[in-house]
1. Kindly provide the GluC sites (Glu not before Pro) of segment 4-108 that DSSP labels as loop, not H, G, I, E or B, and whose Cβ sees at most 12 other Cβ atoms within 10 Å.
2. Quick one: Karplus J couplings for segment 224-232, per residue in order, coefficients 6.51, -1.76, 1.60, θ = phi - 60°, nearest Hz, x for Gly and Pro?
3. Only four residue types carry charge here, +1 at the Cβ of Lys and Arg and -1 at the Cβ of Asp and Glu. Report the dipole size of segment 190-272 about the Cα centre in Debye, rounded to the nearest 20.
4. Tell me the mean residue ellipticity at 222 nm calculated for the chain from its helices only (DSSP H runs of n ≥ 4, each -39500 (n - 2.57), averaged over every residue, nearest 500).
5. Which entry is the computed Cα Rg over 2.2 N^0.38 Å for this structure: (1) 1.18; (2) 1.24; (3) 0.97?
6. Between residue 4 and residue 259, how many nm apart are label points set 7 Å from Cα along the C-beta direction?
7. So who's got an amide H within less than 5 Å of the one on residue 113, skipping anything under 5 residues away but keeping other chains? H placed 1.01 Å off N, in plane.
8. Report the relative contact order of the chain, percent, no decimals, based on alpha-carbon pairs under 8 angstrom and at least 6 residues apart.
Amino acid sequence: MIIEIPLITTLIAIVACLYASYSDLKRGIIPNKLTFPLIGLGILLNGIYAFIMGEIWIIVICLVVTGVIFALGYLFWKMGAWAGGDVKLFTALAALLPFYPSLISYEIWGVQFPLEAIYPFPLTLIINSILSILPFLLIYVFYVVVKTKPHLMDELMAPVKDYKKNIVLTLVIVSAVTITMFISQQLQLQIIIISLILIYLLSIVISKLPNYVKAVLVSVVTTAALFYNFNVTIASVITLFISINIIEIVKRLLTSVSKKALQDEYPLEKLSEGMIPAYNLYQRDDDIYVDDESFTHKITEAIKTRNFSTLTTPPGKRLIGTLAAGLTPEDIELLKKLQKDGKISDKFKVKKGVPFAPSIFIGLLISLFIGDLAFIVQKILIWIMY
């Protein structure tokens, strides 16, 4: 029984996340009938485990960790980053798995896995789930494009069609790498960070050269690289060209294509509670205006124009926000009133909420069988630097 309870709570957590993922993908919700019983069940099972072990601190830590995770989730909910179902699911998982469940143990290159962090397991689960959003988001956006908005495929595949530009960029980077390797050999530099910085700087410098000069330089350096190591150079060019295309496609999936794929325009009378606005609506004096630029775009523009006031100056009174909780009945009535007064159009853009439960499920599996991704990255960086 001592061994079985952690195993039982782990299996329950896996099955629960699998069902929550299905429900979130299918209906866009994580049902309370799943999360609330799980919270109680997790506390009950860990209470039994504490009684069997004769260690009261087990249930005390379980209650404390569960409370902390709920408070953290509530904060994220208030900030609009998480929906209520996500908060309750994380709370349930904290109640079930307040400690790192030791299911398996294996070694890779002398490192013991799963790699545990110094903080409680539920925090590892949250970190891994957040890091798992990116690959899931890519798959989800691509699925939406293929199924509902195939016209966006042309924009998505534009980098492949613009192959000439990517070929030039590939040869520029290959030239920068070749020059860096030559300099490193001559100066006997073995510090990888310095080499990476030099490759980056040389790539920028070569790209800024006049086209004629750039063509001559790239041709000479690439020919020299082919002469000294033909097979490696050809393999590098092919790999780099494919990588650049993939990176460009991923970039579009995360920016312009994602924005268009996950937004739909609705007449005001068809808006319903819980729909997530695609942009913020502000009022300044008597004017109503839309703020649909991402914070990343604002930072980029501020750097270009050297005007950072847009990042610190409030754009006005926010009437409608892009919180994950979505529109309230009061918000919908306000929009109808503004339309009646002629201040906004009779249509409003809403965005599809990206289901978070599948990322939580992926994060749970990574946490159980690989460990804390942030801790692993930290280990890798330390190994590279020292």
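The values are calculated or read from the model by the stated rules, or taken from the named source; none is laboratory data. Remember, it's a predicted structure, so these values are computed and weren't measured experimentally. Because the Cβ atoms are built from the backbone with ideal geometry, glycine has one as well, and the counts that use them run over all protein chains shown. Surface accessibility is based on the protein's heavy atoms, side chains included, excluding ligands, DNA and RNA. Shrake-Rupley method; radii C 1.70, N 1.55, O 1.52, S 1.80 Å.
1. Numbers: sites: 4, 55, 107; in loops: 55.
Within segment 4-108, the qualifying GluC sites (Glu not before Pro) (loop, at most 12 other Cβ atoms within 10 Å) are 55.
2. Working through the residues one at a time gives 5, 5, 5, 5, 7, 8, 4, 4, 5 Hz.
3. In total the dipole reaches around 160 debye.
4. -22000 deg cm²/dmol
5. (2)
6. The answer from the label model is 5.6 nm.
7. Amide H neighbours of residue 113: 106, 107, 108.
8. Relative contact order comes out at 25 percent.
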